[in-house]
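Worksheet: one structure, shown below.
The values are calculated or read from the model by the stated rules, or taken from the named source; none is laboratory data. Everything numeric here is computed off the predicted structure, so don't read it as measured data. In this analysis, Cβ positions are derived from the backbone assuming ideal geometry, glycine residues included, and neighbour counts consider all displayed protein chains. The protein model used for the area step is the full one, side chains on, heavy atoms only, and it has no ligands, DNA or RNA in it. Shrake-Rupley method; radii C 1.70, N 1.55, O 1.52, S 1.80 Å.
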Number of protein chains: 2
Amino acid sequence: MESNTASSDEQSYQVRKLEITDKNKGFMELLQQLTVCDPVTDEEFQERFEELKSYGDDHVICVIEDMNLSKIVATGSVFVEKKFIRNCGKVGHIEDVVVDSSARGMQQGKKVVGFLADHARLTDCYKVIFDCSDDYKAFYEKCGFKQKEIQMV
Amino acid sequence: MESNTASSDEQSYQVRKLEITDKNKGFMELLQQLTVCDPVTDEEFQERFEELKSYGDDHVICVIEDMNLSKIVATGSVFVEKKFIRNCGKVGHIEDVVVDSSARGMQQGKKVVGFLADHARLTDCYKVIFDCSDDYKAFYEKCGFKQKEIQMV
């Protein structure tokens, strides 16, 4: 069966922006591995999808699809905050990075973060940051990030 | 002279949203007390102001004006991030809170954070967070926040 599909890591997985049909490819179920994520209706999903799309380059969600299974196995988002400081500069905020439990240890998270950080750089962000629990600190350090600040809730 | 203007704390200071004329009331100079903030032209300021205004309730900048001096003495911003998790929930991010050195010790920072947190709650955010250096941890704890996560850059 597998001979019909590409077998190398590069060819079996597609890194791209979220599409509306990804709801049927397990996108919401993947987010459930990150935090509380109750099922939403197709209408609710479409409404949020369109809202985020209206932000253009200011909000991008990256997904990785396992092309053999037509399944989303990793995701993460970035939004671009516009400021007055730093000469009316912009900051990229990376959020909600998660890799499917079946696809861990394959650098998928690193690819997602790379995709999002590249997007932030291309939109002229002077800084890219993300918030994470201590548990994920080692992962983000592997992606080349350093701890800077703490987050209060 | 002072008898012409209100003398109590409540009446001398106005807490409100940023207006375009605040550039002439020391808004950018105040931000310089926070971080690198080179002067910008009126056109650059207006462009960024309009961009942020187009986000409506999704991006709000709070200022406190000293009505006696027509001077902005405190500011902070909040942007509302829309997510798919938490039943298509929203998170408020508080950023760039600064109080003029001449106006510290008067709870102005607490008023700014309160204004921004109220805005986030009114727009149905399930969580309000902000990132800060360890130096400001005590201040935010006074505002009722707790440390949750760390931020990587």
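Annotations for the structure displayed:
- Of the residues making up the stretch A:49-59, one or more are touching a residue at least 40 places away in the same chain (Cβ under 8 Å), out of contact with any Phe, Trp or Tyr (no Cβ under 6 Å at 6 or more places or on another chain) and away from chain B (no Cβ under 11 Å).
- Screening the candidates A:Thr41, A:Thr35 for the property of being open to solvent by less than 80 Å² (accessible area, probe 1.4 Å) and out of contact with any helix residue (DSSP H, G or I) (no Cβ under 8 Å at 6 or more places or on another chain) yields one hit, A:Thr41.
Condition check ((1) acidic (Asp, Glu); (2) at pLDDT 95 or above; (3) farther than 30 Å from A:Thr41 by Cβ) across all residues:
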site: B:Val60; (1), (2), (3): no, yes, no
site: B:Ile64; (1), (2), (3): no, yes, yes
site: B:Ser70; (1), (2), (3): no, yes, yes
site: B:Phe115; (1), (2), (3): no, yes, yes
site: B:Ile129; (1), (2), (3): no, no, no
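- Answer residue from the stretch A:140-153, given it is assigned to a helix (DSSP H, G or I) and modelled with pLDDT of 70 or more and is farthest from the other protein chains (Cβ to nearest Cβ) among those: A:Lys142
- Test: residue in the stretch A:86-108 that is basic (Lys, Arg), more than 25 Å from B:Pro39 (Cα to Cα) and at pLDDT below 95: yes
- Put simply, of A:Val112, A:Val98 the only residue that is more than 9 Å from every other protein chain (Cβ to nearest Cβ), in contact (Cβ under 8 Å) with a residue 60 or more places away in the chain and in a strand (DSSP E or B) is A:Val98.
- B:Pro39 meets each of the listed conditions (1) within 11 Å of chain A (Cβ to nearest Cβ); (2) within 18 Å of the chain's Cα centre (by Cα) apart from (2).
- Test: residue in the stretch B:27-34 that is of a type in the set (A, V, I, L, M, F, W, C), more than 9 Å from every other protein chain (Cβ to nearest Cβ) and in a strand (DSSP E or B): no
- Within the stretch A:72-88, the set of residues being more than 9 Å from chain B (Cβ to nearest Cβ) and surrounded by fewer than 19 Cβ atoms within 10 Å (Cβ to Cβ) is empty.
- Some residue of the stretch A:60-68 being in a loop (DSSP other than H, G, I, E, B) and either touching a Gly at 6+ places or on another chain (Cβ under 7 Å) or within 20 Å of B:Asn87 (Cα to Cα) (or both): no
- All conditions but one from (1) in contact (Cβ under 8 Å) with a residue 12 or more places away in the chain; (2) open to solvent by 50 Å² or more (accessible area, probe 1.4 Å); (3) closer than 24 Å to A:Val40 by Cβ apply to B:Val91; the one that does not is (2).
- Scan the stretch B:41-90 for residues that are among the aliphatic types (A, V, I, L, M) and over 18 Å from A:Val91 (Cα atoms) and the total you get is 8.
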